[in-house]
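A.B. asks: The structure's right below; bear with me while I get my questions together.
The values are calculated or read from the model by the stated rules, or taken from the named source; none is laboratory data. Keep in mind that what you see is a predicted model, and the values were worked out from it rather than measured. Reconstructed Cβ throughout: ideal geometry from the backbone, glycine too, with neighbour counts over all protein chains shown.
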Amino acid sequence: MYQLIDTHAHLDEIENLEQVLAQAKAAGLSAIVAVGSDIASNQKTLDIAGKYPGFVYPALGWHPWYIKEAEIPANLAYINANIDRAVAIGEVGLDYHKRVRAVADKELQKRALTELLKIAKEHDKPALIHSRYAWRDAFDMVKETGLKKAVFHWYTGTSSVLRDIIDAGYYISVTPAVAYHEEHRRAVKETPLARLLLETDCPVVYARGREGEFKSNPADVIRSLKGAATLKGLSEAEIAEKTTENARRLFRLEK
């Protein structure tokens, strides 16, 4: 059994959480970074972390799917007020899918992300970046903020932006989609082990519409581990050791 860390989990959306976290510990997880999506989600995430100290670590965020102009002051104020209780800012970012842009256009998303990245920089917290179809803009904004620490989670973008992510010292995280998603597989293959983390993004449903479809929970970080090991031609033990070390250092997690 390996010591593993799920660096991106929506625990506030998990049913039967106590049972799921017990399964995660039994599978070898030593920590989970639980991410928030809005004020209610952030509050629930902080509550969960309070119940499982030393195992669940909270990140506070505002997912681009939920951004509304009228709610900018309240969301920023909540995160600012509670940032010292968190190990990161996240989940935050940009999403240029047409359904998302119909609710929050590019400029509104960028305005919100600018403020969230400022909080991350001011408090020296890593930012956990959602960047669907917005890879270049998301990277440029993180870099221009002067943020030293960031994770581009479940990265499926171009190799050119990926090279810039790596050169800037940022990370990407491996999800269970590494088993079948070609763009994600390419990104994992091209990223050095020193810049890799593992995650589940649970409770996301993987392989949707395919054979083997499943709804994820933190124990499925083992799938991320196995996929990364196969792709990179390295042992599971080596991937586990290095990604756990990377996560502990990035998020300043206790051993």
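A.B. asks: So, of the residues in the range 173-210 that are among the charged types (D, E, K, R) and in contact with a strand residue (DSSP E or B) (Cβ under 8 Å, 6 or more places away or on another chain), which turns out to be surrounded by the most Cβ atoms within 10 Å (Cβ to Cβ)?
C.D. replies: Looking at residues that are among the charged types (D, E, K, R) and in contact with a strand residue (DSSP E or B) (Cβ under 8 Å, 6 or more places away or on another chain), I get 199.
A.B. asks: Determine whether the range 41-58 contains at least one residue that is within 18 Å of the chain's Cα centre (by Cα) and aromatic (Phe, Trp, Tyr).
C.D. replies: yes
A.B. asks: Just to be sure I understand, how many residues within the range 44-55 are surrounded by fewer than 24 Cβ atoms within 10 Å (Cβ to Cβ) and in contact (Cβ under 8 Å) with a residue 12 or more places away in the chain?
C.D. replies: Matching residues across the range 44-55 total 7.
A.B. asks: Taking the range 234-251, which residues are more than 17 Å from residue 223 (Cα to Cα) and free of Cβ contacts under 8 Å to residues at least 24 places away in the same chain?
C.D. replies: Of everything in the range 234-251, those that are more than 17 Å from residue 223 (Cα to Cα) and free of Cβ contacts under 8 Å to residues at least 24 places away in the same chain turn out to be 245, 249.
A.B. asks: Is it the case, given these coordinates, that residue 102 is crowded, with 16+ Cβ neighbours inside 10 Å and either small (Gly, Ala, Ser) or more than 18 Å from the chain's Cα centre (by Cα) (or both)?
C.D. replies: Answer is no for this residue.
A.B. asks: Continuing with the same structure: Within the range 49-60, is there a residue that is at pLDDT 95 or above, in contact with a Pro (Cβ under 9 Å, 6 or more places away or on another chain) and not aliphatic (A, V, I, L, M)?
C.D. replies: yes
A.B. asks: May I pose another question? Residue 113 fails exactly one of the following numbered conditions: (1) over 18 Å from residue 126 (Cα atoms); (2) modelled with pLDDT of 95 or more. What is the number of that condition?
C.D. replies: (1)
A.B. asks: Further question on the same structure: Determine whether residue 23 is within 15 Å of residue 219 (Cβ to Cβ) and not aliphatic (A, V, I, L, M).
C.D. replies: So residue 23 fits the description; yes.
A.B. asks: Could you tell me which residue of the range 62-99 is surrounded by the fewest Cβ atoms within 10 Å (Cβ to Cβ), considering only residues that are small (Gly, Ala, Ser) and part of a helix (DSSP H, G or I)?
C.D. replies: Taking the candidates together, the pick is 70.
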